[in-house]
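This report refers to the structure that appears directly beneath it.
The values are calculated or read from the model by the stated rules, or taken from the named source; none is laboratory data. For clarity, every value in this text was computed on a predicted model and none was experimentally measured. For neighbour counting, all protein chains shown are included, and Cβ atoms are generated from backbone atoms with ideal geometry for every residue, glycine included.
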Amino acid sequence: MTMIRRLILIGLGGFLFLGAVYLTAVAALAPLRQESLAQLRIFAYRDWQSTGVRLENGEFVTIRARGEWLYTPGEYHGPEGHARYPAPSFYPLPHREGPYQMGPGVPGGVLIGRIGESGAPFLVGKYNRIPVSETGTLYLRINDDILSDNEGWVEVQIDVQPAEEETR
């Protein structure tokens with residue numbers, strides 16, 4: 001082989017190597033899609049936590065949760081909240097009592113959600129399917145006022161269904 005051919009082959013090999021390194025680096029640094037994440041954890045000791053899921057008006061979102069967290073000292077429970085303690089009036093989503101209460105009461109320590117930075121809180125629990133009436137990022141948290149004494153987490157699965165699929 002002539003010297004020129006060797007230089008061309010070495011240059012071509014180097015070019016292919018650098019191209020492969022570049023493509024690998026770009027793929028590794030790209031943002032992960034929500035469905036690529038193994039599990040999304042919502043921690044009991046943190047305030048509103050972004051799920052990274054953006055919802056659009058007219059969609060439907062289904063949230064499933066499992067796991068245990070500590071809301072009351074010594075008593076772990078799941079995302080459905082504590083069976084004996086209703087949420088006081090100063091919680092993010094209070095228990096509503098009286099003749100005009102709509103649906104079941106809200107327990108303390110239940111998983112709750114909101115859409116956007118200032119959306120109204122709604123009940124999630126172990127499972128809820130919610131029609132989306134506003135656009136924004138989905139946030140989740142435990143229904144509690146003092147988070148620093150809580151422990152544990154729940155894992156959530158979030159499925160978004162476009163509005164046009166609902167009518168089929």
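General remarks:
Okay, residues lined up against (1) at positive phi; (2) of a type in the set (S, T, N, Q); (3) outside the structural domain of Leu123 (by TED's automatic domain parsing); (4) at pLDDT below 95:
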site	(1), (2), (3), (4)
Ile8	no, no, yes, yes
Gly11	no, no, yes, yes
Leu18	no, no, yes, yes
Arg41	no, no, no, no
Phe60	no, no, no, no
Glu68	no, no, no, no
Thr72	no, yes, no, yes
Ala83	no, no, no, yes
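- Restricting the range 90-99 to residues that are closer than 17 Å to Leu123 by Cβ and modelled with pLDDT under 90 leaves a set whose member that is nearest to the chain's Cα centre (by Cα) is His95.
- Some residue of the range 101-120 being surrounded by fewer than 17 Cβ atoms within 10 Å (Cβ to Cβ) and in a strand (DSSP E or B): no
- Residue among Ile158, Ile146 that alone is free of Cβ contacts under 8 Å to residues at least 24 places away in the same chain and either within 17 Å of Gln49 (Cβ to Cβ) or part of a strand (DSSP E or B) (or both): Ile146
- Residue in the range 43-50 that is modelled with pLDDT under 85, within 16 Å of Pro121 (Cα to Cα) and assigned by TED's automatic domain parsing to the domain that holds Tyr139 present: no
- In the range 51-68, the qualifying residues are those that are in contact with a Pro (Cβ under 8 Å, 6 or more places away or on another chain) and outside any loop (DSSP other than H, G, I, E, B), and the one that is nearest to Val156 (Cα to Cα) is Ala65.
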